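Undergrad: Dropping a structure here in structure tokens format, bear with me for questions.
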Amino acid sequence: MNKQIQAFTLAEILITIGIIGVVSAMTLPLLVQNYKKQEYVNRLKQGLSILNNTSRLIMTEDEVSNFQDTSFYIDAFNSIPVKGGSRLELDQTSDNFNKFMLNRLNKYIRFSTYRCNGDKDSYCLKKNLNILSQDTYYPKNTTLIMLNNGMSYYLTYIYIDYSNNTSRQPNSACGYAIVDVNGITLPNQLGKDKYIFWMGCDGSWYPQYGATYARWIAGDNNWITSNNYWKNLASVCSVKVQSKGEGCAAKIIEEGWKINY
């Protein structure tokens, strides 16, 4: 007695493959996007950890609780030339200052110096700052550091508010950094792969427009409702309005290390 074998028809197989293809086309971009977001978050955690560990190592060596009391800070500050009785406002292309910073930081951070085919240091630094920090604010005395892991920092441990305008920069900061979690790789945009942090004089790094940053500027009683806090200023990190992304690090950290935008 012959048994009949049940099987799918060619049409049924083609329909099934088509359905799988449609579902994959709908879900794969979302999966890739979520993977990239998680990768950015993981590297942001690593970048922040490097900043905190470096400043605390510097302070521990001198056994001080204020970063401004470290020999690192004092020597760096004294390396800024004096003219007319006051410190010069060095820009980010100052060769001597950058060489000083790179030599001292090399003890704490494993990084590779970025050269441009034998051109002068100032040209190299300016060229790559332009690539990495377009439309981005960074203060005077900024040093560009390229890490071996592919990250880059525009970093200063000598924060001087020459303008005395504390409405834009915190008046209790001892350092400033932009962390680019994937270096010169695109997109090189704040809120996507670049994030802004300020260092308190306690050696800890805090995200711009975060709670601590807002307290520095607005005070303990007014910070939570001030425009210095990201929750009250959609323009610093939002998909609903045009945003420059300056407050996205704060948003990510305060929402449990998640990119919800």
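The values are calculated or read from the model by the stated rules, or taken from the named source; none is laboratory data. As the structure is a prediction and not an experimental result, all values here were calculated from the model. A quick note on method: Cβ atoms are made from the backbone with ideal geometry, for glycine too, and the neighbour counts reach across all protein chains shown.
Undergrad: Look through the range 54-65, keep the residues that are of a type outside the set (D, E, K, R) and surrounded by 14 or more Cβ atoms within 10 Å (Cβ to Cβ), and return whichever of them is nearest to Ile109 (Cα to Cα).
TA: So, considering only residues that are of a type outside the set (D, E, K, R) and surrounded by 14 or more Cβ atoms within 10 Å (Cβ to Cβ), the one nearest to Ile109 (Cα to Cα) is Thr54.
Undergrad: When you go through Gly85, Gly118, Gly150 one by one, which is the residue that is modelled with pLDDT of 70 or more, out of contact with any Lys or Arg (no Cβ under 7 Å at 6 or more places or on another chain) and not β-branched (Val, Ile, Thr)?
TA: Within the list Gly85, Gly118, Gly150, the selection yields Gly150.
Undergrad: Right, here's the next one. Need the failing condition index for Lys251 against (1) modelled with pLDDT of 90 or more; (2) farther than 22 Å from Gln38 by Cα; (3) charged (D, E, K, R), just the number.
TA: (2)
Undergrad: Right, something else. Quick one: count up the residues across the range 197-253 that are out of contact with any helix residue (DSSP H, G or I) (no Cβ under 8 Å at 6 or more places or on another chain), in a loop (DSSP other than H, G, I, E, B) and not aliphatic (A, V, I, L, M).
TA: Here the count works out to 6.
Undergrad: Among what's in the range 206-235 and is closer than 18 Å to Tyr40 by Cα and not polar (S, T, N, Q), pick the residue that is farthest from the chain's Cα centre (by Cα).
TA: Tyr206
Undergrad: Within the set of pairs 6+ apart or on separate chains, which have a first residue in the range 39-67 that is in a helix (DSSP H, G or I), a second that is among the acidic types (Asp, Glu), and C-beta atoms under 8 Å apart?
TA: As it stands, the answer is Tyr40/Asp193; Asp62/Asp69; Phe67/Asp202, since those pairs meet every condition given.
Undergrad: Given the conditions (1) hydrophobic (A, V, I, L, M, F, W, C); (2) touching a residue at least 12 places away in the same chain (Cβ under 8 Å); (3) surrounded by fewer than 17 Cβ atoms within 10 Å (Cβ to Cβ), report the number of the one that Cys248 does not fulfil.
TA: (3)
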